[in-house]
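Bear in mind that the values in this text are calculations on the coordinates, not laboratory data. A quick note: this is a predicted structure, and the numbers were derived from the prediction, not measured. Here the Cβ is made from the backbone with ideal geometry for all residues, glycine too, and neighbour counts use every protein chain on show.
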Amino acid sequence: MMMKKWLILLLSILVLLLPLLSAAEEAASSPEEGWVCLICGEETAGSGACARCGTVRNIWRCMGCGTENLSELCSSCGKAKADSLDEQALSPDEIRAFPAVRYLAHTGRPDALCALASYYEIGFPLEQDLAHAFTCYEMAGTLGYAPAYIALGNLYDRGQRIDRDPFKAMEYYQKAADLGSAEGFWFLGTYYEEGTVINRDYSKAMEYYRKAADLGDPDSLMSLAYCYAQGKGMERDLDTALEYYEKAANAGSHLACDYLGYLYMQGDLVPRDTEKGLSWYRKAADLGNGRSMFALGYAYETGEGVEKDPAQAAAWYEKAALAGRADAAEAWARLQETVQ
Ligand SMILES: [Zn+2]
Ligand SMILES: [Zn+2]
């Protein structure tokens, strides 16, 4: 009986360890394991040349000038291999970033492990492999990289690729928060504010939002503003709400800039001030907010706070349409006759 217990315990430990072991394999960089081609990102076993593109092992392409090199410094421009790889890994073009991301992940870099995990999660530029995604995220998190735990939280929270499990999601947000992540604090705050998964507790929500806000997180400043504006768990306090909206706007929240623009243009909660309103709309538009772009188009079309200017109006509507507002495309088309 005793024996059996031990066996079960041993087996369960092994089962727990297995994903970690295969993860270690993924991250291993010893010559006996696969190595990553720096040109195409293929994993090849043994030494020699890449099984996919034929490039010799360790050849890298300089991000500064495009020259291919074997030595640590680019022979043409002198750029260091490590700097070039870092730059490549951060490229917004996933196909371009992929070889560097996979290579750096193999060296155990947590940010690269997290990026590689996201490729496995979305199935681009690698084939989708959720088991691999989980392993890489977990490894990055264990190495202290909070965004990996946020990504795992989001996976469970959204429930698109796996069954939704908000409790599991919350656990991962807590792990991120334990690493000091503002985003982690913010997500925990939303759980307490919404009260759909756990019991609603506004003071706890505000506590988490404050922790994130202290780290300069714009979303949390917005959430605090909203709590004060709505009087969640307290009396409405519009002055403090406005203070937090401005803090969020200054921390770079386009939503806060847009909302402040709206408040000053409407003049319900604050004295109407179209100059202030339009200047907040401009800030929001600069940050890519489509609603503010549309509002600026409307202001120029109707002469609200500015002189009427159909050409400017059309230009703002066009920007808003390019930012994804279908109503702006309609307004733009309508204005074309006037502008001609
Ligand atoms: Zn290759
Ligand atoms: Zn170069």
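Note down the Stokes-Einstein diffusion coefficient of region 108-172 in µm²/s, whole number, using a Kirkwood radius over alpha carbon pairs, 4 °C, and 1.567 mPa s. This corresponds to a translational diffusion coefficient of 114 µm²/s. Can you give the angle from 0 to 90° between the axis of helix 290-302 and the longest principal axis of the chain, with both taken from C-alpha atoms, to the nearest 10? It is inclined by approximately 20 degrees. Peptides 319-330, 120-131 ordered by packing proxy, namely the average of other Cβ atoms within 10 Å per residue, highest first: 319-330, 120-131.
Placing a pseudo-label 7 Å from each Cα along the Cα-to-Cβ vector at K308 and E207 gives an inter-label distance of 5.8 nm.
Each residue of region 200-340 gets 105 Å³ once the volume of the Cα convex hull is shared out per residue. In a reduced charge model with +1 at each Lys and Arg Cβ and -1 at each Asp and Glu Cβ, the chain shows a dipole moment near 560 debye about its Cα centre. Helical runs assigned H by DSSP (4 residues or longer) give the chain a calculated mean residue ellipticity at 222 nm of -20500 deg cm²/dmol, each run adding -39500 (n - 2.57) before division by the residue total. Near D258, once Lys and Arg are set to +1 and Asp and Glu to -1 for all other residues with Cβ below 10 Å from its Cβ, the sum equals +2. Taking a straight line from the alpha carbon of K232, these lysines sit under 24 Å away, with near neighbours fewer than eight places off in the same chain left out: K204, K211, K247. Taken over the chain, the convex hull of the Cα atoms encloses 205 Å³ per residue. Spacing of the modelled spin labels on N199 and A49, each 7 Å from Cα toward Cβ, amounts to 6.9 nm.
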